[in-house]
Amino acid sequence: MIEAEAFIAAARARGFGFYTGVPCSYLTPFINYTISSPHLRYVGAANEGDAVAIGAGAELGGQRAVVMFQNSGLGNAVNPLTSLTHTFRLPVLLIVTWRGEPGGHADEPQHELMGAITPRLLDLMDIPWALFPASDADIGPALDRALAHMEAGRRPFALVMRKGSVADATLAAGREREPPPEVARVARRQPVARRHEILAAIRAAAGDRDLLVATTGFTGRELFALGDTANQLYMVGSMGCAVSLALGLAIARPDRRVIAIDGDGAALMRLGALTTVAAERPPNLVHVLIDNGRHESTGGQATVSPGVDFCAIAGGTGYRSVACEAEPAAVSAALADRSPGLRFIHVPVLPGVLEGLPRPSMPPEAVAERFRAALGRAGATR
């Protein structure tokens with residue numbers, strides 16, 4: 001058994017200062033310590049997949065990240081682990097607890113199957129792993145091994161934590177969450193433009209130092225078609241994770257404005273992400289949700305967005321500024337306002353795809369590396 005402080009101090013010496021995750025009783029000492037420390041940043045995620053995306057955004061922004069969760073939630077993280085961190089080569093350090101370990105401590109029945117398959121599941125995802133260090137002497141070598149894999153393969157490494165690996169740590173008074181501010185009800189506007197026209201308006205209002213993160217599907221492809229620049233990241237896979245990645249990026253790079261370009265289907269898939277974004281409230285993040293009421297890139301099936309008040313949801317979770325705009329000029333004018341503060345802009349649009357739509361001409365890992373270079377950190381992991 002080790003003390004949380006011993007591991008975290010060794011990790012901090014190696015550049016890890018950003019933690020995110022979902023609680024597990026095995027992780028309680030770690031989470032308590034990181035929340036209590038003035039030198040660390042902990043972001044509590046709504047689910048494990050969001051945590052992976054938040055950590056990936058922090059890594060992309062230059063902060064080595066630790067992502068912690070229970071193995072029963074590993075299935076929730078499979079999508080971003082296989083189509084975000086793997087695809088874009090974003091190495092995060094995973095700490096996955098081993099509930100239901102065969103031959104280990106007795107546990108609840110829901111952990112039996114996942115406990116039996118946790119190592120094999122990590123192997124199937126091509127994520128190298130090792131047991132969490134059991135003594136102080138093991139901490140440094142474990143972290144060095146993890147970093148060697150992360151730097152060589154540019155992919156995550158997992159430490160699998162058994163019960164009782166870390167001694168208890170008390171929780172100091174945490175940050176008090178304020179109730180959401182009173183936000184006036186925003187009337188939903190009728191769509192008048194198509195998605196590519198709104199994307200053109202966003203690009204026109206964005207400066208060279210703004211960072212644009214576009215959700216997967218036609219949104220990223222249309223953004224690329226309108227003009228490919230190094231400050232644009234085109235998500236692939238990991239649907240619903242764009243705003244979580246943008247959150248990690250915004251926290252890691254408070255000197256840059258981050259514009260997360262979301263879609264209605266993606267937002268609905270991981271709606272809990274809005275609560276985390278609103279709780280963290282980064283003043284340099286603008287969340288733009290382009291809503292055509294369809295899963296357009298998968299055949300045009302309808303989403304439930306016509307019956308959803310996204311502005312009310314954003315306002316109810318704690319976004320400081322909420323607006324609905326439909327005209328491209330109005331979207332551009334809203335983004336021309338650079339006053340600090342977390343903002344949400346809902347943009348209803350007409351369905352339709354830019355004719356002759358190309359795909360990005362470089363692979364995702366090259367897009368990510370170019371994005372790093374635009375931040376002045378090509379090839380860096382810290």
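Computed values, structure above
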item: Count of residues meeting criterion [touching a strand residue (DSSP E or B) at 6+ places or on another chain (Cβ under 7 Å), of a type in the set (A, V, I, L, M, F, W, C), surrounded by fewer than 23 Cβ atoms within 10 Å (Cβ to Cβ) and under 21 Å from GLY248 (Cβ atoms)] in the stretch 190-238; result: 1
item: Residues (surrounded by fewer than 19 Cβ atoms within 10 Å (Cβ to Cβ), modelled with pLDDT of 90 or more and part of a helix (DSSP H, G or I)) located in the stretch 36-51; result: none
item: Residue within the stretch 355-368 that is under 30 Å from GLY62 (Cβ atoms), in a loop (DSSP other than H, G, I, E, B), free of Cβ contacts under 8 Å to residues at least 24 places away in the same chain and polar (S, T, N, Q) present; result: no
item: Which listed residue, of PRO306, PRO282, PRO254, is surrounded by fewer than 24 Cβ atoms within 10 Å (Cβ to Cβ), touching a residue at least 60 places away in the same chain (Cβ under 8 Å) and more than 23 Å from ARG359 (Cβ to Cβ); result: PRO282
item: Yes/no for ARG343 being at pLDDT 95 or above, charged (D, E, K, R) and over 19 Å from VAL236 (Cα atoms); result: yes
item: Residue list for the stretch 222-247, filter: in a loop (DSSP other than H, G, I, E, B) and among the hydroxyl-bearing types (Ser, Thr, Tyr); result: THR229, SER238
item: Meets criteria (within 20 Å of GLY220 (Cα to Cα) and either part of a helix (DSSP H, G or I) or not assigned by TED's automatic domain parsing to the domain that holds VAL286 (or both)) for VAL331; result: yes
item: Single residue of THR82, THR118, THR87, THR97 found to be touching a Leu at 6+ places or on another chain (Cβ under 8 Å), over 18 Å from TYR19 (Cα atoms), in the same structural domain as ARG14 (by TED's automatic domain parsing) and at pLDDT 95 or above; result: THR118
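The values are calculated or read from the model by the stated rules, or taken from the named source; none is laboratory data. Quantities reported herein were computed from a predicted structural model and do not represent experimental measurements. So basically every Cβ, Gly included, is an ideal-geometry build from the backbone, and we count neighbours across all protein chains shown.
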